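Notes follow once the structure below has been shown.
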Amino acid sequence: VCVCVCVCVCVKIMFGMGIFKKVSQVNIIYWGRMNWELSICIQKIIQNDRMFKIEPDLFSKGTMIFVKWKENTWCRAVLKEVFQRGLEKPVMRCPASTVSSVEVYFLDYGFSKQLSFSFHEDLNEDPIHQLNQCLRKVDLAAEFELSCWAPQAVRCSLKDIVPANLVDGWSPESCAEFQRVVGTKVVEMQVFGEESDVLLVDLKKAPMDESLCDMPVSLREYLVFMELARFRSPVSWNSNMVSCGKRPTQFHLPILPVVGMAISAVVCHANTPSDFYIWLVDSTELKFLNTELQKYYTEFGPLGQDLEVCCPVLEQACVAQYDDNHWYRAQVIGLPSARQVEVKYVDYGDTKTLSVKDIRKIKDEFLALPPMAIHCCLVDLEPLEVTWSQECKKRFQNIVGQKLWIVVTDGPQLLPVRLFDMSSTSGRSCNIGDLLVENGLASYKVTSGNEAKYTESAVWDPPLESHLEGESTQWFAHKDVKPSVHMDLRTALQLPNSMKDLRVRVTHVTSPQSIFVQLQQMDFSLKRVCEMLKEEYSESEAAQVEWKPKMYCAAYINGVWERGEVCSVSSSTTVEVLRCDFGSKVKLHPDNLRLLQPHLVGYLVLECSLAEIRPAGGSSTWTATACDFISSRLSGASAVITWPVPVVLWCSSGAGQDVNIADVLFSKGLALKDKNALTLKMLEEAVLQVENLQEEQVSWKPKCCTNFPEKVKKKPYLPPELPQCGLMQVIITAVGEDGVIYAMTRQAEQQFEQLQDGFRHHIKTLPRYNSYSWKSGLGCAIMGSDMFWYRGEVLEVIGVHAKVRYVDQGLVENIPVCHVYPTVLCEDVPQLCIPCQLHSLIPVGGACQSDSLDFLKELLHMRHVNMLIMELPVDPWGNVTVRINLDGMDLNRIMIHHQHAVVDSTVSVKQVRLEGQRKGNVLPDVDNLDSGENLEESLKHVNEAVDTLLPLTDFAIGRACLAKYSDGKYYRAELLSIEGYNPTQVLVRHVDYGSDDVVPTYSMRQIPPYLLKFPCKAIKVKVAGFKAPLVNMEKERILYRPEWSIKAMLEMIDAVHGNITASVVSTEPEMTVLLYNERGVLVHRALVEKGLADED
């Protein structure tokens, strides 16, 4: 199974002698505790000489053995080759006494080694004895014991790189450079997947390695950079080919003008009439962007070597140098050679081939602005030949250069436009397309034998693709005109020249935004296609075909053969198919599908949406009621389209009158009028404005940023709504630099999510940025690092960066000033986070230190806690005084315990009972208990009534309490320290047994007073008579007492089990005793005799 996610681990590279063959395949070792334990296990097995020496037996290829690698170091290995005396070629097996040499592969180190054996018969040497010096046999018991350790060496390959010269393969220079750079360093390995038991990886410098080693950031990119390797053939971006499946950094799509709108523009770069780029005249961001680019990459670029691009990727956004030595935004569009790239300057449109050294990585703040050059083509124009002639290109470039044009857009994607010259000397605006045709340099596109000259700006959607939904409907084969037998067969939809009053038939309705219709004038083609499908497939047999999405098929639906396209394959018996001529989807058995002939591929259905309306109720999607209503009203009906997509759809009402279906939805309250919708009248006015332009000569020059900064006058957001005093559950969203804690209630959380959803749905474009004069405390709109919009306030402006606070979360961040806009979003909604300060607590030093702030952030950030509001501020902008409870533990006590704060003695602490604690429970009084009851009986009674015990709320160090043990019962304990916070865990000591335990807060209870009268049954003592040895050969030591070995500790534990007698030696400064076992012998004698301790 190929791993599709990226995993980074730290590994150590180790090379054996003569195993390095290819750069793309190396052996890697995971180096850690597991290897140490494996080595110990092997050494213990080897010590049993009687069982594991090699006896006269067969040596078989592929069997596991133990090999002596270094002095007193044995490793497991596999026999790769076995050579018998007297034979030159290796054999599969031979007796151990006849082996001359073997080649072994070390499973845990990844290299092979040749071992040779020689002996003299004259000297009566035993060959088995010589084998035993460096080899051992592995029997079934040893093999079973070692089966829990997988081979530690993993074979890997550097992903997607090939030799620089594919004919000669990997050169000695590349192998030497690879081994020099990697060596035996500890590196970070990034795993991309697995192929034929080989991991596909990249090697990087380990993050914890702060030494000045020459290990590169990426070994793959380093080898390509050194021209010792190259990546596989460059293709367009694919998640399977790019490292980690991450898409390369890209620009936002350019913001295209509204279809049919007349705008002023300048042609910034022209290749041909069907390939040129324009600037919108009212766009002023480019000048400011170029200034910031030059400032950063000219002044700071040389200091940041991490901006160099070692391995460019197609479609990657970058910054490239031009002939004037200035830096401009660009995109990689080609990789002509190993160290060259072809880039397109996205703000100008021209392309250039550069060295990799002339491009840099682009900073995030330069990606916010979409490309300023809009790619265009002249509509309804085509070259006289296959390509545009040089004369036409030169003529077109001379005409469009350095002039202001009126551009009328005519479609999406590669923007089809018409250019009207504002400086024309005639009485009318000059259309550049007409001028090229008159000079014999171009021709109009021909459709159905007629010249498609510009009459109306009619815009239709492209033919139906695959994103359609719904169920099938029956189509009604009504024809207004009897078809002629001489009509040309059309298997795909062709739009007529005249777009008005088209009679259509509605075949499927999903919503008012997705209506599928058939043109009634295409009825003959539809009928003929059905006949051809019937003739072709009526007698065909089902074939074994592996159906995949996007495949065209002939589908047998309700006894009729239709054209379809496979959408998805959910199982071996179910295939979802799109009906190409009706727009709905059906699920069929694969036996009802046939491969569609290429000449029958096409669509005869058109998808439309109703114009001038939008969903009612403030929603961005249509309600189920509106969809059901329009589906029942239109399915199978004949209608008239009076304007292309989006359309005004007329159909017959119950009274026999033609009604506008958009008006019907509006009258039913299912839709609202869209005031911003583009209508035919608006487009006609735009065209009329173009044709009535007065004669005017305009010389375009870039606008300079000489305007004074605009003063911002926006008011701050409303202060937060403060809750009443009492206990509530909140989420901590941020901790300020001054120690202020920002909290958000559950209701505020929901309101924040609603605000963010609204911003994402309604703010889809980047507003134009001007230079503003900011003042502290002003409300604004912030584009965050995640490219979403947030409400904020400006704290201060330093150069090109602004320090802002997100008013709904409390976070403070430094961001580029171009991401801050003088707009107050939802100004009637108050701030959603509440600023809080801890009650009766003073930070150490009078102000919060950095370590204290880091501790609070780690402890509280995005965590739900119980907060008790103690006091509300007089100023609505002030801080609320609170106490915060974490899993039953007071945050004040935690801060005091870690010495980050002290108690304010001037503030009287109010005793408040938290919700969730039981009320009215009466604990037994000491006077009411039987005075003869001992500790065991009292604890038994307590555990029988454990439900009546109050949870522990005061976690002071040294406090007495009851703690739950692993047997489920509660015992007396002393609180020692706080061990963890998420969840909160406490270290306690069971005072009657002396054992320590870590328990959660919900396993602790308040101790009844009568249990405190019993003394502690466990006494801590020091055992006299022995001490730690001066010479200790044991390697495993106790971490907190390294002078003692673990073996000595285990031996002492075994010695004190049973009946022990203690003799008190002294009581000051601590209780000191001598311990005797049942035989009256000092228990520490066993340690002294074994050399684990010395006499004292």
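The values are calculated or read from the model by the stated rules, or taken from the named source; none is laboratory data. This one's a predicted model, so the numbers in the text were calculated from it and none came from an experiment. Cβ: placed from backbone, ideal geometry, glycine included. Neighbour counts: every protein chain shown. Protein only, heavy atoms only, side chains kept; ligands, DNA and RNA dropped before computing areas. Shrake-Rupley method; radii C 1.70, N 1.55, O 1.52, S 1.80 Å.
Points worth noting:
- Region 830-880, accessible surface, carbon-and-sulfur percent (1.4 angstrom probe): 53 percent
- In the assembled protein chains, T63 presents an accessible area of approximately 60 Å² (probe radius 1.4 Å).
- Once both labels are positioned 7 Å from their Cα atoms along Cα-to-Cβ, the gap between H898 and D364 label points is 2.7 nm.
- Shown for region 524-647: lysine pairs separated by 8 or more places, or found on different chains, whose C-alpha atoms are under 23 Å apart, numbering 8.
- Backbone geometry of region 854-870 corresponds, through the Karplus equation with coefficients 6.51, -1.76 and 1.60 at θ = phi - 60°, to 3J(HN,Hα) couplings of 4, 5, 5, 5, 5, 7, 10, 4, 6, 10, 7, 9, 8, 10, 9, 7, 8 Hz, x marking Gly and Pro.
- Length gained on full extension, F117 to E721, computed as 0.36 nm times the residue gap minus the Cα-Cα distance: 208.6 nm.
- Heavy atoms of Y105: accessible area, 1.4 Å probe, square angstrom to 10: 60 Å²
- Cα gyration tensor shape for region 520-611, rounded if a/c is under 1.5, else prolate or oblate: oblate
- Projecting label points 7 angstrom from Cα along Cα→Cβ for A492 and K61 puts them 6.0 nm apart.
- Sites L1030 and S977 - FRET efficiency at Förster radius 25 Å, r taken between beta-carbons, to 0.05: 0.15
- Overall form of region 1009-1096: prolate. Here a/c, set by the Cα gyration tensor axes a ≥ b ≥ c, is 1.5 or more, and a/b is the larger of a/b and b/c.
- Between amide H atoms placed 1.01 Å from N, distances below 5 Å from F276 occur with N271, C376, all of them 5 or more places distant or on a separate chain.
- Between H252 and A637, the C-beta separation translates, for a Förster distance of 45 Å, into a calculated FRET efficiency of about 0.60.
- Shape call, region 507-574: gyration tensor on alpha carbons, a/c limit 1.5: oblate
- C-alpha center-to-center spacing [region 973-1029, region 309-361] in angstrom: 67 Å
- Take region 318-366 with all the other protein chains still there, run a 1.4 Å probe, and you get 44 Å² of accessible area per residue.
- Accessible area per residue for region 71-230, computed on protein heavy atoms with a 1.4 Å probe, is 53 Å².
- Of K44/K1047; K287/K394; K44/K68, pairs whose Cα-Cα distance is over 19 Å: K287/K394
- For region 553-598, the relative contact order works out to 36 percent when only alpha carbon pairs closer than 8 Å and six or more residues apart are counted.
- With contacts taken as Cα pairs under 8 Å and at least 6 residues apart, region 90-198 reaches a relative contact order of 21 percent.
- Distance between the 7 Å Cα→Cβ label points at A945 and T387: 9.9 nm.
- In the complete set of protein chains, residue-level accessible area for R339 is approximately 40 Å², probe 1.4 angstrom.
- FRET efficiency estimate (nearest 0.05) - Cβ-Cβ, K1047 to D350, R0 60 angstrom: 0.20
- In the full protein context, region 777-885 carries 42 Å² of accessible surface per residue, based on a 1.4 Å probe and ignoring ligands, DNA and RNA.
- Unit charges at the beta carbon, dipole of region 92-188: most positive-side option, V104, V162, C94: V162
- Residue-wise HN-Hα coupling along region 188-205, computed from phi with Karplus coefficients 6.51, -1.76, 1.60 (Hz; x: Gly, Pro): 9, 10, 9, 9, 9, x, 9, 8, 6, 6, 10, 6, 8, 9, 9, 9, 9, 5
- Net lengthening on full extension, R180/S995 (0.36 nm per residue, minus Cα-Cα): 288.0 nm
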